[in-house]
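The structure appears below as structure tokens.
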Amino acid sequence: MSWNPGSWRHRPAAQLPAYPDPAALGRVEARLGASAPLVCVADILHLQAQLAHVSSGRAFLLQGGDCAESFAEFGSDKVRMTFNLLLLMGALLRARSGREIVHLARIAGQFAKPRSSDTETADGVTLPSYRGDAVNAPAFDVASRTPDPRRLLDAHRQAQVTIELLKAYAAAAYADLPTIRRAVGDDEAGRPVAMFTSHEALLLNYEQALTRFDEVSERWWAMSGHMIWLGDRTRQLDGAHVEYASGVANPVGLKCGPSLGADEMLRLIDRLDPDNKPGRLVLIGRFGAAHVRRHLPALMRATRREGRTAIWSIDPMHGNTRSLRGYKTRLLPDIVAETAAFVEVAEAENVHAGGIHLEMTGADVTECLGGSLPMSEADLPRRYLTHCDPRLNQTQALDIAAEVAGLIGRRTLITSDAA
Ligand code: PEP
Ligand code: CO
């Protein structure tokens, strides 16, 4: 059967909420289907062109933001802090690595989470798991945990406002950028900055309703964000999520975890990027510091051998989650170790280390441990605000940016020395 925005419905779909009222879901889908697109094709093409530079090694992809966006914590300040942090990290990376930076926020659609269990049990009561604000609410009671499709409309509205704010900040940053760049030792004159949006394409009812056909390109596009990605739990070759992503023309990310073998990865690449188009596909490794050297070389060797232009990026967050004093946390030394291994393996396999994917916030949280400011296990409860995974705070995110700049800067030098 040929692809259409709803062809995923004929495939097994993992991780979708069980909505108790399908008619209410249908009404929400109709409203979303009649709404204005959140992004435009020209901007998606702009991202694709920038990603093509990442594919050839001239640019580096910086992708980051919250694990999950929240309705309660939304505000223009929060968006501005994420925007500014990405810009600052980008300036630092650019100054020290000499590469152009592609700024891609995990924002304006990152409202849904895959879960390892469909239900959660506490004190003998079993309820649906919290799946992100676009699905249900975190409080442990029946009303909060029942999936409510009207939340998709709230997510859409928040995404729309977020994108408007990002555009306004990008226009303002045109004036501020030289100052930011000078602060990190980059004296290039001001140029417009592009801040793109991305999220995991998990809720396919939402994605389908925001899919539009463009007469000029004669292609279907996901208008929910500039880039979408497939999570490690929804990348089944014959599954609904791969089916959906295979038919939209946007740049697509694919999370690659320890259970993905080289053959399966190549089959996924064939499905998602059959034309081997530079800037179409971003492979996002997420193995954990202890496992990355065992899994990544064979995968990189396979893309290299097959002449694939897909970008390799690293998510050093999701394979490095651990529990300390009852808190889910991540240690900066693990994050740095996985990133350093990624860069080294890339170099050994003659592949570009193309990008990094981080969970982070501009807020002063105490969710991850380590970095240039002293922080210990005892600090975790102080400002542990995430409903989902632990995020880097501003200082830690800048620490990681500095580490990455050192790692890829050295590699750039080695490459140019050899040339
Ligand atoms: C995520 O990026 O928030 C996530 C759930 O990642 P993964 O699919 O790699 O587990
Ligand atoms: Co996460």
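The values are calculated or read from the model by the stated rules, or taken from the named source; none is laboratory data. Since we're looking at a predicted model, the values are computed, not measured. We place every Cβ from the backbone using ideal geometry, glycine too, and count neighbours over all the protein chains shown. All accessible areas refer to the heavy atoms of the entire protein, side chains included, with ligands and DNA or RNA removed. Shrake-Rupley method; radii C 1.70, N 1.55, O 1.52, S 1.80 Å.
Kindly report the accessible area of the range 61-157 per residue (heavy atoms of protein chains, probe 1.4 Å, no ligands, DNA or RNA), in Å².
Ligands and nucleic acids excluded, the figure is 37 Å² per residue.
Give the ranking of Glu73, Glu164, Glu349, Glu243 by solvent-accessible surface, highest area first, calculated with a 1.4 Å probe.
Most to least solvent-accessible, the answer reads Glu164, Glu73, Glu349, Glu243.
For Leu331, which sequence-distant residues (separation of 5 or more, or a different chain) have an amide H within less than 5 Å of its own amide H, given hydrogens modelled in the peptide plane?
Under 5 Å from the amide H of Leu331 lie the amide H atoms of Leu369, each far enough along the sequence or on another chain.
Full extension from Asp141 to His10: what is 0.36 nm times the residue separation minus their Cα-Cα distance, to one decimal in nm?
Length gained, Asp141 through His10: 43.9 nm.
Do me a favour and compute the ellipsoid semi-axes for the range 210-308 from its Cα gyration tensor, root of five times each eigenvalue, largest one first, whole Å. Present the calculation step by step, with values, prior to reporting the outcome.
Values: eigenvalues 132, 40, 25 Å².
With the √(5λ) rule applied to the range 210-308, the semi-axes are 26, 14, 11 Å.
May I ask for log10 I(q)/I(0) of the range 25-84 at q = 0.15 Å⁻¹, from a Debye sum over the Cα atoms as equal point scatterers with solvent left out?
-0.82
Treat every Asp and Glu Cβ in the chain as -1 and every Lys and Arg Cβ as +1, leave all other atoms uncharged, and give the resulting dipole magnitude about the Cα centre to the nearest 20 debye.
Result for the chain is approximately 320 debye, rounded to the nearest 20.
Work out the length of the dipole vector of the range 298-381 about its Cα centre, built from +1 on the beta-carbon of each Lys and Arg and -1 on the beta-carbon of each Asp and Glu, and round it to the nearest 20 debye.
Dipole about the Cα centre, nearest 20: 320 debye.
Report the rotationally averaged projected area of the range 227-279 based on its alpha-carbon convex hull, in square nanometres.
Orientation-averaged projected area of the Cα hull: 3.4 nm².
Just to make sure I understand: if all protein chains stay in place, what is the order of His387, His103 by accessible area at 1.4 Å, largest first?
Reading off the accessible areas and sorting them downward yields His387, His103.
Compute the convex hull volume of the Cα atoms of the range 10-113, divide it by the residue count, and report the result per residue in Å³ as a whole number.
170
Could you point to the residue in Leu85, Ala201, Val343 farthest towards the positive end of the chain's charge dipole, with +1 and -1 charges on the Cβ of Lys/Arg and Asp/Glu respectively?
Val343
For the range 15-108, what is the charge dipole size about the Cα centre, in debye to the nearest 20, if Lys and Arg each add +1 at the Cβ and Asp and Glu each add -1 at the Cβ? Don't skip to the end; give the middle numbers.
On the way: 9 positive and 8 negative charges, 83 e Å.
Once rounded to the nearest 20, the dipole reads 400 debye.
Counting only helical runs of four or more DSSP H residues, what would the 222 nm mean residue ellipticity of the chain come to if each run contributes -39,500 (n - 2.57) and the total is spread over all its residues?
After summing the helix terms and dividing by the residues of the chain, the value is -13500 deg cm²/dmol.
What is the Cα radius of gyration of the chain over 2.2 N^0.38 Å, N being its residue count? Write down the numbers at each step before the final one.
On the way: Rg = 20.4 Å, N = 419, 2.2 N^0.38 = 21.8 Å.
Scaled against compact globular proteins, the figure is 0.94.
Of all the Cα-Cα pairs you can form in the range 295-353, what percent are over 13 Å apart?
63
Compare the Cα positions of Gly64, Leu166, Tyr130 along the charge dipole of the chain (+1 at Cβ of Lys, Arg; -1 at Cβ of Asp, Glu; about the Cα centre) and return the one farthest towards the positive end.
Projecting each Cα onto the dipole axis, the largest value belongs to Gly64.
Under Stokes-Einstein, with the Kirkwood radius over Cα pairs standing in for Rh, what whole-number D in µm²/s applies to the range 272-419 at 37 °C and 0.692 mPa s? Write out the running numbers ahead of the final one.
Details: Rh = 16.3 Å.
Roughly 201 µm²/s, to the nearest whole number.
Which percent of the accessible heavy-atom area of the range 13-168 goes to carbon and sulfur, probe 1.4 angstrom? Display every interim value, and only then the final one.
Details: 3420 of 6280 Å².
That fraction is 55 percent.
Quick check on the range 283-324: take the gyration tensor over C-alpha atoms, sort the square-rooted eigenvalues as a ≥ b ≥ c, and tell me if it's rounded (a/c under 1.5), prolate or oblate. Mind showing how you got there, number by number?
On the way: a/c = 5.67, a/b = 2.22, b/c = 2.55.
Cα axes put the range 283-324 in the oblate bin.
Give, in nm to one decimal, the length gained when the segment between Ala402 and Thr179 is fully stretched (0.36 nm per residue of separation minus the Cα-Cα distance).
On the way: separation 223, 0.36 × 223 = 80.28 nm, distance 1.84 nm.
Roughly 78.4 nm would be gained on extension.
For the full complex of protein chains and a 1.4 angstrom probe, list Phe74, Phe111 by accessible area with the highest value first.
Details: Phe74 70, Phe111 5 Å².
Reading off the accessible areas and sorting them downward yields Phe74, Phe111.
Quick one: compute a quarter of the convex hull surface over the Cα atoms of the range 160-234 and quote it in nm².
7.7
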